[in-house]
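Nothing in this text is a laboratory measurement; each read-out follows from the coordinates by a stated rule. Just so it is clear, the model here is predicted, and its values are computed rather than measured. Virtual Cβ from ideal backbone geometry, glycine too; neighbours counted across all protein chains shown.
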Amino acid sequence: MSWAFLRDLLSGVNKYSTGIGRIWVAVVFIFRLLVYVAAAENIWKYEHDEFECNIKQPGCENVCFDHFFPVSHIRLWALQLILVSTPSLLVVFHVAYRENREKKHNQKLYKSPGEIDGGLLYTYLISLVLKTGFEIVFLILFYKLYNGFQIPHLVKCDVRPCPNTVDCYISKPTEKMIFLYFLVATSCLCIVLNLSELSYLICKYSVKCYLKRYTKKHRGSTSDCHKSGTISHRRAAAAGPVHDSSLSLPLNAEGGHEKISPLT
Amino acid sequence: MDWGSLQAILGGVNKHSTSIGKIWLTVLFIFRIMILVVAAERVWGDEQQDFVCNTLQPGCRNVCYDHFFPISHIRLWALQLIFVSTPALLVAMHVAYTRHEKKRRFRNGEKIDIEELKNEKIHIRGPLWWTYTSSIFFRIIFEAVFMYVFYYMYDGYQMPRLVKCDAWPCPNVVDCFVSRPTEKTTFTIFMLAVSGICMTLNLAELCYLVAKICMKQSRKTAALK
């Protein structure tokens, strides 16, 4: 069990995303997950061993480290990555449910199980709201736990059994701060992407709904926007290419690579 | 998730690159990513543990290490590789968009062979030319920026054996010794040389693309006349 699991999960989600959703997946893979695994993890690797206090009292260092770092930055970062990626599972489950239903009834119930309309639209919107919510919660948590996004060189500790106020030195504070800012910047970028995708989907489907009502009103019958998932309805108005879920990036490595490319 | 995933992503871009682009990709994988993972990471692995200062004052070592190495070489290289590889994704996205447009036209009734579409090599012309050229341009910019950052942060590309540190709480000017300075200098110069080669390849590719389009235009105007 490793980050490869998350990578495979998100590759699966990519199929049902909009264009902005795919950009979000790319940002999460490359600027968050890859940076975490390739660079950030090693900075925090020996943080406890390298945390040094100006005292020989046994236990003082342990207690002071625990007091100032209740949960390490790197663990919070990992939790954030996991929690931010999981709402996408809701979409995967919903699509699987639709496909199962089609199999059970042995007939085509939906235009395409992966197309974002009807109930799947609401699931998708909820997943976006949850993703954004988790991002914001973690940013606030980082801010509150560590008094801003600064990492000091030195902390003064007077927790028992330290005999009095003791100077404790944190290892690699500048490097940690740089990567912390990088984390914050990518989080904010992901929040912006999620919010734009949310507004784009809401606008698109509101316009669609309004146009349907308008055309049906002209023909003298009432319309119902929520039944758009079933095949009996007319085809949706021609949409631009970014929204179509069949858009796929040709990112399989050539030469017969068996690995799943994260962005297809 | 590791460099292998990045390799899988970039491998797909390879199909639509020029020959120089394919050479660049090979150099990137073999002489940069592989060297970073297999060798350089081990050289820098024990950098703080073996950074020794001539004092017993607790905290002095931490503070001096942080003062002289605000961000480690190995992390800067990892970031450089990530940033330099990302523009290639723009090309991948554009190719995906082009393919999707063709599929849409097929669905609307035009006759296009789907199997051929999947394996078709998309030629670098029109809007794709602009995307490809801008991706090369960004690559060059990122390489140059990182090379400059290295130079600026570490006053050149040499790793000193000894640094003199007087940051608080060190009691006075203290000698601190860097671990494996020669090996680190060797790798720094190697990575610098490979960066230079990559930049040269990118510049050559850029010139080639521009020359190709100019020749095409002149042939068109000659044919019209």
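With kT/(6 pi eta Rh) evaluated at 25 °C and eta = 0.890 mPa s, and Rh the Kirkwood radius from Cα pairs, the protein assembly as shown diffuses with a coefficient of 94 µm²/s according to Stokes-Einstein. Across the options B:ALA144, B:PRO169, B:LEU201, the greatest Cα extent toward the positive end of the charge dipole of chain B (unit charges at beta carbon of Lys, Arg, Asp, Glu) belongs to B:LEU201.
Extension gain, B:ASN108 to B:VAL210, is 33.2 nm, computed as 0.36 nm per intervening residue step minus the present C-alpha separation.
Of the trypsin sites (Lys or Arg not before Pro) found in region B:19-113, the ones in coil according to DSSP and having at most 14 other Cβ atoms within 10 Å of their Cβ are B:LYS111. For the residue pairs A:LYS15/A:LYS108; A:LYS103/A:LYS204; A:LYS15/B:LYS103; A:LYS108/A:LYS212, the C-alpha atoms sit more than 26 angstrom apart in A:LYS103/A:LYS204. Working from label points 7 Å from Cα in the Cα-to-Cβ sense, the B:TYR151 to A:ASN62 distance is 5.1 nm.
Here region A:22-49 and region B:129-147 have alpha carbon centers that stand 23 Å from each other. Whole-Hz Karplus values for region B:211-220 come out as 4, 4, 5, 5, 5, 4, 4, 5, 5, 4 Hz, taken residue by residue from phi with 6.51 cos²θ - 1.76 cosθ + 1.60 and θ = phi - 60°; glycine and proline positions read x. The three principal axes of the Cα atoms in region B:20-224 give end-to-end lengths of 80, 39, 26 Å, sorted in falling order. Note on A:VAL71 and B:ASP2: with the Förster distance fixed at 35 Å, the Cβ-Cβ geometry gives a FRET efficiency of about 0.90.
Annotation: amide H of A:VAL166 within the under-5 Å range of A:CYS157, A:ASP158, sequence separation 5 or more or interchain, hydrogens built in the peptide plane.
With contacts taken as Cα pairs under 8 Å and at least 6 residues apart, region B:20-224 reaches a relative contact order of 35 percent. FRET efficiency for the pair B:LYS164 and A:TYR46, taken as 1/(1 + (r/R0)^6) with r the Cβ-Cβ distance and R0 = 25 Å, rounds to 0.50. The sum of -39500 (n - 2.57) across all DSSP H runs of n ≥ 4, divided by the residue count of chain B, sets its helix-only mean residue ellipticity at 222 nm to -21000 deg cm²/dmol. What residues qualify as long-range amide H neighbours of B:CYS53, i.e. H under 5 Å apart, gap of 5 or more or another chain, H built at 1.01 Å from N? Close amide H contacts, sequence-distant or interchain: B:PHE177.
If you take every residue apart from B:TRP3 with its C-beta less than 11 Å away from the C-beta of B:TRP3, what net charge results, scoring Lys and Arg +1 and Asp and Glu -1?
Numbers: positive: B:ARG32; negative: B:ASP2, B:GLU41.
Net charge around B:TRP3: -1.
Among A:LYS172, B:LYS15, a tally of other beta-carbon atoms within 10 Å of each Cβ gives an order, fewest to most, of B:LYS15, A:LYS172. Full-extension gain between A:VAL159 and A:PHE93, please, as 0.36 nm times their residue separation minus the C-alpha to C-alpha distance. Length difference between fully extended and current span is 18.9 nm. Across peptide B:4-17, the average count of Cβ atoms from other chains found within 10 Å of a residue's Cβ is 6.
Just subtract the alpha-carbon distance of B:THR200 and B:ASN54 from 0.36 nm times their residue separation and send over the number in nm, one decimal. Kindly include the intermediate steps, with their values, before the conclusion.
On the way: separation 146, 0.36 × 146 = 52.56 nm, distance 4.38 nm.
Using 0.36 nm per residue and subtracting the Cα-Cα distance, I get 48.2 nm.
Along the Cα-to-Cβ line of A:ASN147, 7 Å from the Cα, sits a label point; which residues in region A:51-72 have backbone N less than 16 Å from it? It comes to A:64-71, nothing else. In this label model, B:ARG42 and A:LEU211 are separated by 6.1 nm, measuring between points 7 Å along each Cα→Cβ vector.
Kirkwood Rh and Cα-based Rg: tell me the resulting Rg over Rh for region A:50-179, rounded to two decimals. Provide the component values of the computation, followed by the final result.
Numbers: Rg = 23.9 Å, Rh = 18.5 Å.
Computed over Cα atoms, the ratio is 1.29.
Charge tally around B:TRP77: other residues with Cβ under 14 Å, Lys/Arg +1 each, Asp/Glu -1 each, net 0. Charged neighbours of A:ILE202, selected by a Cβ distance under 15 Å, balance to 0 (K, R count +1; D, E count -1).
If you plug the beta carbon distance of A:GLU102 and B:ILE122 into 1/(1 + (r/R0)^6) with R0 = 25 Å, you get a FRET efficiency near 0.15. Spin-label model, A:PHE5 to A:ILE126: label points 7 Å out along the Cα-to-beta-carbon direction sit 2.4 nm apart.
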